[in-house]
1. Of the residues Pro84, Pro53, which single one is surrounded by fewer than 15 Cβ atoms within 10 Å (Cβ to Cβ) and touching a His at 6+ places or on another chain (Cβ under 6 Å)?
2. Run Glu81 past the list (1) closer than 20 Å to Leu218 by Cα; (2) in contact (Cβ under 8 Å) with a residue 40 or more places away in the chain and report the number of the one that doesn't hold.
3. Can you tell me which residues in the range 144-158 are in contact with a strand residue (DSSP E or B) (Cβ under 7 Å, 6 or more places away or on another chain) and open to solvent by less than 10 Å² (accessible area, probe 1.4 Å)?
4. Restricting to the range 194-214, count the residues that are under 20 Å from Ala62 (Cβ atoms), among the β-branched types (Val, Ile, Thr) and either open to solvent by 10 Å² or more (accessible area, probe 1.4 Å) or at pLDDT below 95 (or both).
5. Take Thr10 and tell me if it is surrounded by fewer than 17 Cβ atoms within 10 Å (Cβ to Cβ), of a type in the set (S, T, N, Q) and within 16 Å of the ligand (Cβ to nearest atom).
6. Hey, does the range 212-219 have a residue that's closer than 22 Å to Glu33 by Cβ and over 17 Å from the mean Cα position of the chain (by Cα)?
7. If you go through the range 234-257 one residue at a time, do you hit one that is open to solvent by 50 Å² or more (accessible area, probe 1.4 Å), modelled with pLDDT of 95 or more and over 18 Å from the mean Cα position of the chain (by Cα)?
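The values are calculated or read from the model by the stated rules, or taken from the named source; none is laboratory data. Treat the numbers as computed from the prediction; the structure is a model and nothing was measured. We place every Cβ from the backbone using ideal geometry, glycine too, and count neighbours over all the protein chains shown. Heads up: the accessible areas ignore ligands, DNA and RNA and are worked out on the full protein's heavy atoms, side chains in. Shrake-Rupley method; radii C 1.70, N 1.55, O 1.52, S 1.80 Å.
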Amino acid sequence: MCPPAHFDVTYSINPWMDPAKPADASLALAQWEQLCGVYRSLGHTVEELAPEPGLPDMVFTANGATVVGGRVFGARFAHPEREPEAERHLEWFAAHGFTHLHVPVHINEGEGDFAVTASCLLAGRGFRTNPLAHGEAQEYFGRPVIGLELVDPRYYHLDLALAVLDDAADEIAYHPPAFSPGSREVLRRLFPDALIAGEEDTAAFGLNAVSDGLHVILPHTATGLHGPLRDRGFEPVPVDLSELHKGGGSAKCCSQELRA
Ligand code: ARG
């Protein structure tokens, strides 16, 4: 995670960002600290990446890499505004004992567009990640990559339209209208028992959730998901990240998972 010390909305690269509505960095920082506190209180370890002036989206660390089995698949950002972030992530990994580092050839925005399940990687395309990066990730991780076409600009990253709830049991939640008809059908075939999220909860960034297999940390306004999550044995943990929503991201976007 990276503290939003320099967070602001100074450019617009997704429909949620409006530079006319700048963000309050101190409120964003307080909300982010709460999210860190939630992870720590649940027994998780939080590692920190140093924030840098001029990189206001650096708080969205999910986009900086994809890590599975200790192997790091670096990111390559679609927009020049975020391009320098990729290197900061790789430097962090190199300095923290990660020896398998892949510098990507094709554009991919890390866990923004790669979701890890027990059997495969689900991979978004259509807005940010180049479909060629799907093959590149498959070769690097030796896991099947299932490409999914995103069609709604509000859900420009896979992690805004789909959440992995249990990566051991292949349990997911998703919002079908965010995907092309063919990709919807792929999801229906692979995950017939998935939790289907409605428009309101998805627009409240309810699928931008982080699950440890029991607790599901999600924005506090996505209340429609609480009941269905409890019915499946999960415990919803609501957090208020309203200030970060101005940048077009929530809990998951702020959290890159270091899978050992
Ligand atoms: N402003 C950032 C962007 O548009 C938000 C990134 C959100 N991150 C995510 N994992 N969906 O790139």
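1. Among Pro84, Pro53, only Pro53 is surrounded by fewer than 15 Cβ atoms within 10 Å (Cβ to Cβ) and touching a His at 6+ places or on another chain (Cβ under 6 Å).
2. Only one criterion is unmet by Glu81, namely (1).
3. Leu148, Leu150, His157, Leu158
4. 1
5. Criteria met by Thr10.
6. The answer is no; no qualifying residue exists.
7. Among the residues of the range 234-257, at least one is open to solvent by 50 Å² or more (accessible area, probe 1.4 Å), modelled with pLDDT of 95 or more and over 18 Å from the mean Cα position of the chain (by Cα), which makes the answer yes.
Listed here are the residues, each with its yes/no results for (1) of a type in the set (A, V, I, L, M, F, W, C); (2) out of contact with any helix residue (DSSP H, G or I) (no Cβ under 9 Å at 6 or more places or on another chain).
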position: Ile146; (1), (2): yes, no
position: Val164; (1), (2): yes, yes
position: Ala168; (1), (2): yes, yes
position: Arg189; (1), (2): no, yes
position: Val210; (1), (2): yes, no
position: Ser250; (1), (2): no, no
